[in-house]
Structure formats: structure tokens, C-alpha cells
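For reference, the structure is listed below as C-alpha cells.
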Amino acid sequence: MLSLLAWCLAVASAQTNPAPPRLSFRPADPLNGAAFDQFYNLNYDAAIQGFEQVLARHPDDAFAVNHLLTAVLFKELYRMGALNSGDYENDSFLGPPHRPPDPKVQQRIKDLADRAFKIEETRLDADSKDVDALYARGVTRGQFSTYTALVERAWFSALRNAVGARRDHERVLALSPGYTDAKLIVGAHYYVMGSLPWGVKVAVALVGLSGSKEKGIQYLQEAANGAGETSVDAKVVLMVFLRREHRYNEALQIVRGLSPQYPQDLLLALEEGNLLRASGQNPQAAAVYRKVWQEGREGRFPNLHYEVAAVSLGDLLRSQKDHAGAAAAYEQVNEVAQPDPEILQKANLAAGEMYDLLQKRDLAVKKYQAVIASNGESPPAETARKRLKDAFREQ
């Protein structure tokens, strides 16, 4: 559950909504809009470059530091494979990340967080009721909670920062009830605390924390509809929570509203298929996965691993006992010039299993051998060795 909170705080702390031109960014800099547009289209390198330019022009602005911190953190989380919303559909996401963190990026994240904290603390020392400084510190705390949870796997440190982020933004709302942006982190925290088992709720209540799924969703809806800087982020977090609540139609409305605004956002494009599949609309989900695959082939998602759409399609067809169709879908990953090694391993292993079920043992063996050759120390390679000894059979 903590990892879910950390992921939501990461999204909640991005504090952006570049689409409506009427919004004023903090700091007020014409470069912000373009940088945020790149960020939401998952073009992290361009976003980071833009935020660096904004920070160079506003070196003492905590919002500028937080924007850059967010982009650097999200780029690393995407590289590590930690931004798949399906991992947060339940409470089991406690294993190691898909890929280890980059030490240089880790240090940069820490340096940026320290820089933001110093600016925020200086302003709060001068005026403890400075709502913008309180809000900015809550954002920094939320981002650092995400970093310590999903990158360093330091759960207690992450929890301290998550609680600090909530309390900062609750203070903002007490001082300025109309500060709708602050309802994002508070709402996400309310929902997560409200989702805890009864015994854990009692324990956290003893230290002054409470939660309510209903109130959390209400706060997120208010942030999403408030036309504030956190509107887009609130919609993304709300979409994740609605998925957990099996309110798939509402979640689909959100993703279908966001995707046209950010056409290069691969995660949003895939999420529509994931939601359709979760709601039992398998033919429609398959159509979305095929569309994403084709658009990826045509260059819509530059530098992103759109081949995951082929694996998603294969998994869907496999669940329907369409073993030949699933094998063909998994094989598509091999058509990508530079596929993600982990995705390729998964696809080859799954294709081998489908070939076994189709009584095509020679093809299955080749796939298992390819899995081992690419990374012999991985869990898929261990499974592939078992498959080489005994052909795969459905349980």
C-alpha cells in the first residue's frame, strides 16, 4: 500500500496542466508550457532541458526546482519500469524494481530535493503561513517519498515524507480553503489510508492519521475539475483509484479525455486497453493494443517501448485460449529494432509456451534458448531451463 501512495504522490506532485492556456505557471515563465507538454508526452529529455532553462532564469524559485526534480525522477522511474499502473491495481507491489537505479541520477534527485527544501525552509522561517512555500514543501516531500519508496526501497523514510507532504497541504487548505491544488496530495493520502485493513487503520489513527476512500475521491475530483495546476495529475491519480474500485467506465472517460491532449503518451494509450480488458471488453481491448502497436511502428511513440502493446495483446489472446494468435503477438516483439531486453525475454518465453501448447516443440525450444542466451541469470531464464526439460502444459 505504501508503494501505491508513493506512486500517487509522484503523479500528484508534478503540479502541472499545460493544456489550458489560461493557467499561470509558477514561476511565470513562457518556457514552462512547452516543457510540461513534453513531460506529459513522456519526452523526458526535452522536458528536463526546458525545466533546466526555467530554473536557470529563476534559481531561487522552489516551484522551478520541483518541476525539474519531477522530470528527472519520472524519467528514472520509467527507465526502471516503475510506472505501469497495473502494478498498483492491488497491494502486492513490494518486489524489486524491474531495473536497478542509476547512482548518478539518484544523487541528482537528492541534490534537487535538498535545493528545494532550503528555499522552502528559508521562506517559512520568514513567514510560517506562507501558503506557496508550504505547498512547495509538500510537493518536495511527496517527490522524495516517491524516490525513497520506489528507488531506494526505504519504506519508513518514504512514509515520513508522505505524512509530511499531507500535513503541509492540509495546512495550506486550513489557511487558504480555495487552494484546490493542495487537495491532490491530501486526497490521494485520504484514499490510501481509507483503503487500509481495519487493524492498520486503528494503528495509524493512534498517531493522528485518518482516511476515507470516499473523501479522497471527492478531493481528487475537485482538484481535477478546479482548472488548477494539478488538474491533469488529479485525473491520472483518480483514474488509478477508480480502476482499483472497478469503476471502469469513469476511468475510461478520463483516459479518453487525456489521450488526445498528449498523443505521444504511451502509458495513457496502453491504459485504455488495460481498462477495457479489466472491464471484460476483450475485443475492444485487443483493438486498442493493435492500434498502439501499429502507431508505434509508424513512429508515434519515439524512444518509448511500444512493444509492450504486443505482449499485452498476447496475454489477452492467451487468456482466451487463442494460442496461435498469442504466439503471433509475442513474436512481434522481435520485429522491433531495439526492444526492451526484459520485454523481449518475457515475449520469447511466452511464445515458447504457446508453441508447446500448439505441439510445435522445435519452435518452443528455440524460444527458450533465446531467453537463456539474452540473460541467463534472470527469472525468465530459470523458467526457460525448466521448459527445455519438460514441455509447457497448461495447469
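The values are calculated or read from the model by the stated rules, or taken from the named source; none is laboratory data. In this text the structure is predicted, and so the values were computed from the model without any measurement. Every residue, glycine among them, receives a Cβ derived from its backbone with ideal geometry; neighbour counts consider all protein chains shown.
Looking at segment 60-70, can you tell me whether even one residue there is surrounded by fewer than 21 Cβ atoms within 10 Å (Cβ to Cβ) and at pLDDT 90 or above? Before the answer, list the steps.
Taking segment 60-70 as the starting set, the residues that turn out to be surrounded by fewer than 21 Cβ atoms within 10 Å (Cβ to Cβ) are 60-61.
The next check asks that each one be at pLDDT 90 or above; those that pass are 60-61.
Scanning segment 60-70 turns up at least one residue that is surrounded by fewer than 21 Cβ atoms within 10 Å (Cβ to Cβ) and at pLDDT 90 or above.
Condition (residue is more than 16 Å from A224 (Cα to Cα), in the same structural domain as H67 (by TED's automatic domain parsing), surrounded by 23 or more Cβ atoms within 10 Å (Cβ to Cβ) and at pLDDT below 95) applied to segment 168-191: is it met by at least one residue? For segment 168-191, residues more than 16 Å from A224 (Cα to Cα), in the same structural domain as H67 (by TED's automatic domain parsing), surrounded by 23 or more Cβ atoms within 10 Å (Cβ to Cβ) and at pLDDT below 95: absent. I'm trying to understand the selection: among the residues of segment 125-146, which are assigned to a helix (DSSP H, G or I) and hydroxyl-bearing (S, T, Y)? Y135, T140, S145, T146, listed by residue number.
The single condition among (1) surrounded by fewer than 23 Cβ atoms within 10 Å (Cβ to Cβ); (2) under 17 Å from the mean Cα position of the chain (by Cα) that V139 does not meet is (1). Cβ separations smaller than 9 Å between residues 6+ apart or across chains give the following pairs from segment 138-150 residues that are under 19 Å from P101 (Cβ atoms) to residues that are among the basic types (K, R) and crowded, with 24+ Cβ neighbours inside 10 Å: G142/R166. Checking every residue in segment 311-322 against the condition of being under 26 Å from Q294 (Cα atoms), outside any helix (DSSP H, G or I), of a type outside the set (S, T, N, Q) and modelled with pLDDT of 95 or more gives at least one match.
Specify the residue that is modelled with the lowest pLDDT; the eligible residues are those in segment 78-111 that are among the hydrophobic types (A, V, I, L, M, F, W, C) and part of a loop (DSSP other than H, G, I, E, B). Break it down stepwise before answering.
Quick first cut of segment 78-111, residues among the hydrophobic types (A, V, I, L, M, F, W, C) only: 80, 82-83, 93-94, 105, 109.
Keeping just the survivors that are part of a loop (DSSP other than H, G, I, E, B) gives 82-83, 93-94.
Details: A82: 79, L83: 74, F93: 40, L94: 44.
Taking the candidates together, the pick is F93.
For segment 142-155, a tally of residues being of a type in the set (S, T, N, Q) and surrounded by fewer than 24 Cβ atoms within 10 Å (Cβ to Cβ) returns 1. Scan segment 123-135 and give yes if some residue there is within 30 Å of R243 (Cβ to Cβ) and of a type outside the set (A, V, I, L, M, F, W, C), otherwise no. Within segment 123-135, one or more residues are within 30 Å of R243 (Cβ to Cβ) and of a type outside the set (A, V, I, L, M, F, W, C). The residues listed here are G273, G280; of these, the one that is surrounded by fewer than 21 Cβ atoms within 10 Å (Cβ to Cβ) and among the small types (G, A, S) is G280. Based on what the data block shows, is S312 hydroxyl-bearing (S, T, Y) and surrounded by fewer than 18 Cβ atoms within 10 Å (Cβ to Cβ)? No; evaluated as a whole, the condition is false for this residue. Taking segment 327-395 and the helices (runs of 4 or more DSSP H) fully enclosed by it, the elements with 2 or more residues that are free of Cβ contacts under 8 Å to residues at least 12 places away in the same chain are at 361-374, 379-389.
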